[in-house]
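Trainee: Before I ask anything, here is the structure I am working with.
The values are calculated or read from the model by the stated rules, or taken from the named source; none is laboratory data. What you see is a predicted model, and the numbers here were worked out from it, not measured in a lab. Cβ: placed from backbone, ideal geometry, glycine included. Neighbour counts: every protein chain shown. Side chains are part of the model used for accessible areas, which takes the heavy atoms of the whole protein and leaves out ligands, DNA and RNA. Shrake-Rupley method; radii C 1.70, N 1.55, O 1.52, S 1.80 Å.
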Amino acid sequence: MKTIIAKDAGYCFGVRDAVNVAYDAAKKFGKVYMLGDIVHNENVVSDLSKAGAVVVDKISQVPDNGTLLFRAHGTKKNIWQEAKARKINIIDATCPLVHDIHHEVKTLAAEGRRIIIIGDHGHDEVIAIADQVKDTIVISNPEEANQLRKMKKIGIVTQSTQMLSNVKNIVSILMSKTINVDLRFINTICFPTRRNHEQIETLSEECDLIIIIGSFTSANSKRLTELARKKNKNAYQVTNESELNEQWFKGVDTVGVSAGASTPDYIIKEVKSKIDKIGRNINGKRQN
């Protein structure tokens, strides 16, 4: 049984940098605080907790002399302001590509455009993007786009991990929601996401079975699974090697594996090792 790992499976550079910064800060200061999970992966959060990275629910739980790390997804403006006012030591681990989206939103708003964000309601990244300017609108699907009234000038950005097909469908509808079609769309799907999506679509066509590794709280992991299932009905998502089912691999010659942007390398290796073990076990049974 052959296993093919997608070239860009797992950590994107923004998540990898944020996690490394958290480890370094915990080591340097003894303890570093984070408002919520640094990334959407339970294993990463657990590992960081053991290293001294403490997750808190609100900034009031951070001591005045404490160190506060702002996560990869971005942070609302009022949190920045309060942290600075209290002279808390701030470490900004926001993904640079998310900072770019914040900049684009402000630029579009300065042109007098109503800002529409194509993204998941309640997602940390989307909340932070929406907070950059007033009166933003979040649209997650074409049905919501159809419900909008017409506006004079529209500016559109996307959550960095959106699927291109969903974005295209929504933008097509929004073209009819502007007076004189005064619309500017900036595609802010990040390039690591685009690469990962392209690779899983190819693997799904070439392989008998697809395994996606990632937390079920991770939007980008769930999208990878959704993309895989559109082209291959034998696609499954797992958080780690313990969730692999040997029954999935019966009669399978090639397995394609990818992972969400918040999945660490060691979990990918453990899943790969377990798949290899399953393959040897199945081959042994065939020979017997």
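Trainee: Give me, ordered by chain and number, the residues 5 or more places off Phe185 or on other chains with an amide H under 5 Å from its own placed amide H.
Mentor: Counting only residues 5 or more places away or on other chains, the set is Ile156.
Trainee: With Cβ to Cβ distances under 10 Å as the rule, what net charge do the other residues near Leu108 carry (K, R +1; D, E -1)?
Mentor: Within the 10 Å Cβ shell, the charges total +3.
Trainee: Suppose we keep just the DSSP beta bridges with both residues in the chain; what percent of those would be antiparallel, to 5?
Mentor: Beta bridges within the chain, antiparallel portion: roughly 0 percent.
Trainee: Let me have the 222 nm mean residue ellipticity of the chain computed from DSSP H runs of 4+ only, each contributing -39500 (n - 2.57), with the sum over all residues rounded to the nearest 500.
Mentor: Mean residue ellipticity, 222 nm, calculated: -14000 deg cm²/dmol.
Trainee: Let me ask something additional. Starting with the highest mean, order 113-121, 135-143, 16-24 by the number of other Cβ atoms within 10 Å, averaged over the residues of each peptide.
Mentor: Peptide ranking by packing, descending: 113-121, 16-24, 135-143.
Trainee: Then there's this: Could you please state, rounded to a whole Å, how far the C-alpha centre of the stretch 72-87 is from the C-alpha centre of the stretch 210-248?
Mentor: The stretch 72-87 and the stretch 210-248 have Cα centres spaced 35 Å from each other.
Trainee: Two decimals is fine: what is log10 I(q)/I(0) at q = 0.10, 0.12, 0.14 Å⁻¹ for the chain, from a Debye sum with one equal scatterer on every Cα and no solvent?
Mentor: So the normalised log intensities are -0.61, -0.83, -1.03.
Trainee: Among all the aspartates and glutamates, which ones have a C-alpha under 20 Å from Lys27's C-alpha, if same-chain residues fewer than 8 places away are not counted?
Mentor: Asp17, Asp37, Asp47, Asp64, Asp92
Trainee: Enumerate the amide H contacts of Ala235 below 5 Å, restricted to partners 5 or more residues apart or on another chain; note that Pro and chain-start residues carry no placed amide H.
Mentor: Residues meeting the amide H criterion: Ile210.
Trainee: Quick one: Karplus J couplings for the stretch 65-82, per residue in order, coefficients 6.51, -1.76, 1.60, θ = phi - 60°, nearest Hz, x for Gly and Pro?
Mentor: My calculation for the stretch 65-82 gives 9, x, 10, 10, 9, 7, 6, 4, 6, x, 9, 5, 5, 5, 5, 4, 5, 5 Hz in order.
Trainee: Return P(r) of the stretch 1-81 (all Cα-Cα pairs; 10 Å bins starting at 0; whole %; ordered from short to long distances).
Mentor: Result returned by the calculation: 17, 47, 24, 8, 3, 1.
Trainee: Leaving out ligands, DNA and RNA, what percent of the accessible area of the stretch 140-270 is carbon and sulfur, probe 1.4 Å?
Mentor: 47 percent
Trainee: With a Cα-only, solvent-free Debye model of the stretch 42-166, what are the log10 I(q)/I(0) values at q = 0.09, 0.12, 0.16 Å⁻¹?
Mentor: -0.32, -0.54, -0.87
Trainee: Also, I was wondering about something else. For the stretch 86-189, with only Lys/Arg (+1) and Asp/Glu (-1) charged at the beta-carbon, what is the dipole magnitude about the Cα centre, in debye rounded to 20?
Mentor: Approximately 480 debye in magnitude.
Trainee: Additional query: Find out how many positive minus negative residues lie around Gly155, taking Lys and Arg as positive, Asp and Glu as negative, among other residues whose Cβ is under 11 Å from that of Gly155.
Mentor: +2
Trainee: A follow-up question, please. When only Cα pairs under 8 Å and 6 or more residues apart are kept, what is the percent relative contact order across the chain?
Mentor: 21 percent
Trainee: When the dipole is taken about the Cα centre of the chain, and only Lys, Arg (+1) and Asp, Glu (-1) are charged at their Cβ, what size is it in debye, to the nearest 20?
Mentor: Dipole of the chain, to the nearest 20 debye: 300 debye.
Trainee: Considering the dipole of the stretch 167-288 built from charges on the beta carbon (Lys and Arg +1, Asp and Glu -1) around the Cα centre, which of Val171, Gly279, Gly256 is farthest to its positive end?
Mentor: It is Val171.
Trainee: If each residue of separation counts as 0.36 nm, what is the full-extension length gain between Glu198 and Asp64 once their alpha-carbon separation is subtracted?
Mentor: Extra length from Glu198 to Asp64 when fully extended: 43.7 nm.
Trainee: Looking only at Asn41, Asn180, Asn220, which one moves most when the chain is put into a Gaussian network model with springs between Cα atoms under 10 Å?
Mentor: Top of the fluctuation ranking is Asn180.
Trainee: Ok, one more. Going down the table (Lys28/Lys76; Lys106/Lys153; Lys87/Lys134; Lys2/Lys269; Lys28/Lys50), which pairs top 20 Å between alpha carbons?
Mentor: Violating the 20 Å Cα-Cα cut-off are Lys28/Lys76; Lys87/Lys134.
Trainee: Give me a comma-separated list of calculated 3J(HN,Hα) values for the stretch 101-112, in order, Karplus coefficients 6.51, -1.76, 1.60 applied at θ = phi - 60°, integers in Hz, x for any Gly or Pro.
Mentor: Result, ordered by residue: 5, 4, 5, 5, 4, 5, 5, 5, 5, 5, 7, x Hz.
Trainee: In addition: Let me know the Kirkwood hydrodynamic radius for the stretch 178-272, please, with Cα pairs as the basis and the value in Å to one decimal.
Mentor: Result for the stretch 178-272 stands at 14.3 Å.
Trainee: Would you mind getting the accessible area per residue of the chain, heavy atoms of the protein chains only, 1.4 Å probe, in Å²?
Mentor: 48 Å²
Trainee: Calculate what fraction, in whole %, of the accessible area of the stretch 1-128 sits on carbon and sulfur atoms when a 1.4 Å probe is rolled over the protein chains.
Mentor: 49 percent
Trainee: Which whole-Hz couplings ³J(HN,Hα) result when phi for each residue of the stretch 89-94 is put into the Karplus expression 6.51 cos²θ - 1.76 cosθ + 1.60, θ = phi - 60°, listed in order with x for Gly and Pro?
Mentor: Karplus-based 3J(HN,Hα) across the stretch 89-94 equals 6, 9, 10, 8, 9, 4 Hz.
Trainee: Skipping prolines and chain starts, which residues have an amide H placed within reach, meaning under 5 Å, of the one on Asp92, given they are 5 or more residues away or on another chain?
Mentor: Here the answer is Phe70, since their amide H atoms fall under 5 Å of that of Asp92.
Trainee: Would you mind getting me the FRET efficiency between Lys28 and Ala110? Use the beta-carbon distance for r and R0 = 35 Å, nearest 0.05.
Mentor: After rounding, the FRET efficiency stands at 0.35.
Trainee: All other residues with a Cβ under 14 Å from the Cβ of Asp37 taken together, and with Lys, Arg as +1 and Asp, Glu as -1, what is their net charge?
Mentor: -4
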